[in-house]
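Undergrad: The following block contains the structure, expressed as structure tokens.
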Amino acid sequence: MLAYTYVKQGDFQLLEKPRPALRGPGDAVVRVTLASICTSDLHIKHGFVPRAVPGVTVGHELVGVVEETGAAVTKVKPGDRVAVNVETFCGQCFFCKSGWVNNCTDPNGGWALGCRIDGGQAEFVRVPHADQGLDIIPETVTDRQALFVGDLLSTGYWAAQISEIRAGDTVLIIGAGPTGLCTLQCVQLYRPGKIILCEKDPARRAFARGCCPNAVVTDPEHAAQCVAEHSAHGGADAVIEAAGGEDTFELAWRCARPNAVVTVAAMYDRPQILPLPDMYGKNLIFKTGGVDGCHCDHILELIAEGKLNTETLITHTYPLRDIARAYECFENRADGVFKVAVAP
């Protein structure tokens, strides 16, 4: 089968690999029907993910059809259309039972797919702990609608969930990339009074205005003023940092009101500074870390009910044999690209 493979830093290649087989009773083999490229894949390419294993098939945003299941799998069966979770988790350890599946103590726990074990930019993929890692797609939901459930939408849902948003709050989201826009849709579920979306790229600001007409869109230079104008207590009640840029962490805490929650959903490629003397007295609550993607079934229900719709984020579609061109387009933000779908 064809599989896009991390050969070494800076080098991905489309290679022929054996079709994956079941390795344990909890495994499933899924025929990939649609995949995508994530910024985290680019982080692997450029050496920002030390855990990534050379030789691994990349890709962790995908949907497909179950082909085979191990003897212990009870949730899905061959023929089921499924969304694949970005995280591998056992469901039984202390962290899983607490809802912190990103910290699963299984040897392949957390983000393994497309990083430490073969992922989904291929024709087939093996999914360990399939009862946790696969969710059946409702009949009324298309592959394109479900494509981001296991990663981007789970990240947005998690970020909104832990940010302690109350009805009427002012919420600032930094970054109008795919993570930011998925987060925005999930934030709307909490009925905030105002959502402010901050983005430095004019093209992404324009894209966001088309996708999210109810949000106030601004740039970093005017973000603090915009937040002050649309908040009642001198800053945002909740801030979600989904950009991971050079100055976005500082912007996040500076725009927060005292006693606000600042959630960092972004992945940084360098350390950030926590200047405690400068923020003394703001009494901020910081929440950080990788997504706990254990609500995919509910997210699929929300899509089926018309409460979430991220299909508009897919601007380009490529066949798997042309995935190198897809990466080039996505990484260089060419031709107005936002998210890319890859069809084997």
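Undergrad: Quick one: is Arg51 in the same structural domain as Val337 (by TED's automatic domain parsing), out of contact with any Ser or Thr (no Cβ under 6 Å at 6 or more places or on another chain) and either modelled with pLDDT of 95 or more or aliphatic (A, V, I, L, M) (or both)?
TA: When the stated conditions are applied, Arg51 does not pass them.
Undergrad: Please indicate, with yes or no, whether at least one residue in the range 241-255 is part of a strand (DSSP E or B), within 23 Å of the chain's Cα centre (by Cα) and of a type in the set (Asp, Glu).
TA: yes
Undergrad: Would you confirm whether any residue within the range 275-293 is surrounded by fewer than 16 Cβ atoms within 10 Å (Cβ to Cβ), within 29 Å of Phe148 (Cβ to Cβ) and modelled with pLDDT under 95?
TA: Looking for residues that are surrounded by fewer than 16 Cβ atoms within 10 Å (Cβ to Cβ), within 29 Å of Phe148 (Cβ to Cβ) and modelled with pLDDT under 95, one finds at least one in the range 275-293, hence yes.
Undergrad: Collect the residues in the range 297-315 that are under 30 Å from Leu15 (Cβ atoms) and assigned to a helix (DSSP H, G or I), keeping them in residue-number order.
TA: Answer for the range 297-315, where residues must be under 30 Å from Leu15 (Cβ atoms) and assigned to a helix (DSSP H, G or I): just Leu313.
Yes/no per residue for (1) surrounded by fewer than 20 Cβ atoms within 10 Å (Cβ to Cβ); (2) assigned to a loop (DSSP other than H, G, I, E, B); (3) touching a residue at least 40 places away in the same chain (Cβ under 8 Å):
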{"residue": "Gly55", "(1), (2), (3)": "yes, yes, yes"}
{"residue": "His60", "(1), (2), (3)": "no, yes, yes"}
{"residue": "Gly64", "(1), (2), (3)": "no, no, yes"}
{"residue": "Ala72", "(1), (2), (3)": "yes, yes, yes"}
{"residue": "Lys75", "(1), (2), (3)": "yes, yes, yes"}
{"residue": "Cys90", "(1), (2), (3)": "no, yes, yes"}
{"residue": "Pro107", "(1), (2), (3)": "yes, yes, no"}
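Undergrad: Something else now. Just to be sure, is Tyr318 touching a helix residue (DSSP H, G or I) at 6+ places or on another chain (Cβ under 6 Å), closer than 29 Å to Leu14 by Cβ, touching a residue at least 12 places away in the same chain (Cβ under 8 Å) and not assigned by TED's automatic domain parsing to the domain that holds Glu164?
TA: yes
Undergrad: Taking Leu14 and the conditions (1) touching a residue at least 24 places away in the same chain (Cβ under 8 Å); (2) crowded, with 20+ Cβ neighbours inside 10 Å; (3) in contact with a helix residue (DSSP H, G or I) (Cβ under 9 Å, 6 or more places away or on another chain); (4) over 27 Å from Glu139 (Cα atoms), which numbered condition does it fall short on, given that it satisfies the others?
TA: The single condition Leu14 does not satisfy is (2).
Undergrad: Could we say that Arg31 is in contact (Cβ under 8 Å) with a residue 60 or more places away in the chain, in contact with a Phe, Trp or Tyr (Cβ under 6 Å, 6 or more places away or on another chain) and surrounded by fewer than 21 Cβ atoms within 10 Å (Cβ to Cβ) here?
TA: yes
Undergrad: State all residues of the range 43-53 that are closer than 15 Å to Arg270 by Cβ and either of a type in the set (A, V, I, L, M, F, W, C) or assigned to a helix (DSSP H, G or I) (or both); if no residue qualifies, say none.
TA: Of everything in the range 43-53, those that are closer than 15 Å to Arg270 by Cβ and either of a type in the set (A, V, I, L, M, F, W, C) or assigned to a helix (DSSP H, G or I) (or both) turn out to be His43, Phe48, Val49.
Undergrad: Out of the residues in the range 309-344 that are of a type in the set (Ser, Thr, Tyr) and buried (at least 17 other Cβ atoms within 10 Å of the Cβ), state the one that is farthest from Leu251 (Cα to Cα).
TA: Tyr318
Undergrad: Can you tell me how many residues in the range 1-28 are outside any loop (DSSP other than H, G, I, E, B), in contact with a Phe, Trp or Tyr (Cβ under 7 Å, 6 or more places away or on another chain) and of a type outside the set (Phe, Trp, Tyr)?
TA: 2
Undergrad: Scanning the range 298-308 for residues that are surrounded by 13 or more Cβ atoms within 10 Å (Cβ to Cβ) and not hydrophobic (A, V, I, L, M, F, W, C), which turns out nearest to Gly110 (Cα to Cα)?
TA: Glu301
Undergrad: Among the numbered conditions (1) under 19 Å from the mean Cα position of the chain (by Cα); (2) assigned to a loop (DSSP other than H, G, I, E, B), tell me where Leu274 comes up short.
TA: Result: Leu274 passes all but (1).
The values are calculated or read from the model by the stated rules, or taken from the named source; none is laboratory data. Please read these numbers as outputs of a predicted model, since none were measured by experiment. Positions of Cβ are backbone-derived with ideal geometry, glycine not excepted, and every protein chain shown enters the neighbour counts.
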